[in-house]
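The values are calculated or read from the model by the stated rules, or taken from the named source; none is laboratory data. The shown structure was predicted, so the numbers you read here are calculated from the model rather than taken from an experiment. Please note: Cβ atoms are built from the backbone with ideal geometry, for glycine as well, and neighbour counts cover all protein chains shown. Note: accessible area is taken over every heavy atom of the protein model, side chains too, but ligands, DNA and RNA are not part of it. Shrake-Rupley method; radii C 1.70, N 1.55, O 1.52, S 1.80 Å.
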Amino acid sequence: MKRMGINIPRRKPSWETEPNAFSDLCLQEPSCNVEICQCPDGRDHFRVRSKWALVLCEECGVKGTHRLCSSLNEESPWLCQECMETLCRQIEAATPSDQVDVGMASTSEACRHALKRTLPPE
């Protein structure tokens with residue numbers, strides 16, 4: 001690169017040398033992110049191995065829900081609404097609906113069914 005007149009410094013960028021520069025990326029503030037939280041102690045309350053245990057989104061790991069608020073058992077995975085919508089769009093864009101074997105008429109129907117499980121009742 002030097003022969004071409006491009007200088008690349010040999011040191012790390014200054015923001016990477018600051019102590020704990022990226023520590024805030026590891027912090028999570030767990031709370032129930034469903035539209036209607038049923039916990040009497042509020043969205044931020046949680047208790048491990050109970051109906052008020054918080055389950056984080058399997059995809060992004062940022063949003064969460066109480067087990068009771070999304071009707072989950074102890075082993076149930078959960079996807080937040082944003083990740084579910086993104087996943088459905090990716091599935092619909094990647095595969096023609098007539099080639100998806102999900103036991104339903106189309107991928108769109110399967111996504112609507114899955115979304116219905118993650119969204120609060122209307």
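Below is a table of values for the structure above.
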quantity: Conditions (1) touching a helix residue (DSSP H, G or I) at 6+ places or on another chain (Cβ under 6 Å); (2) more than 29 Å from residue 85 (Cα to Cα): number failed by residue 4; calculated: (1)
quantity: Which listed residue is over 27 Å from residue 39 (Cβ atoms), at pLDDT 60 or above, surrounded by 11 or more Cβ atoms within 10 Å (Cβ to Cβ) and of a type outside the set (Val, Ile, Thr), from 85, 92; calculated: 92
quantity: Residues of the range 5-39 satisfying the condition of being closer than 22 Å to residue 76 by Cα and assigned to a loop (DSSP other than H, G, I, E, B); calculated: 28, 29, 30, 31, 33, 34, 35, 36, 37, 38, 39
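Rundown of residues vs (1) open to solvent by 100 Å² or more (accessible area, probe 1.4 Å); (2) part of a loop (DSSP other than H, G, I, E, B); (3) hydroxyl-bearing (Ser, Thr, Tyr); (4) at pLDDT 95 or above, yes/no style:
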position: 41; (1), (2), (3), (4): yes, yes, no, no
position: 44; (1), (2), (3), (4): yes, yes, no, no
position: 60; (1), (2), (3), (4): no, yes, no, no
position: 76; (1), (2), (3), (4): no, yes, yes, no
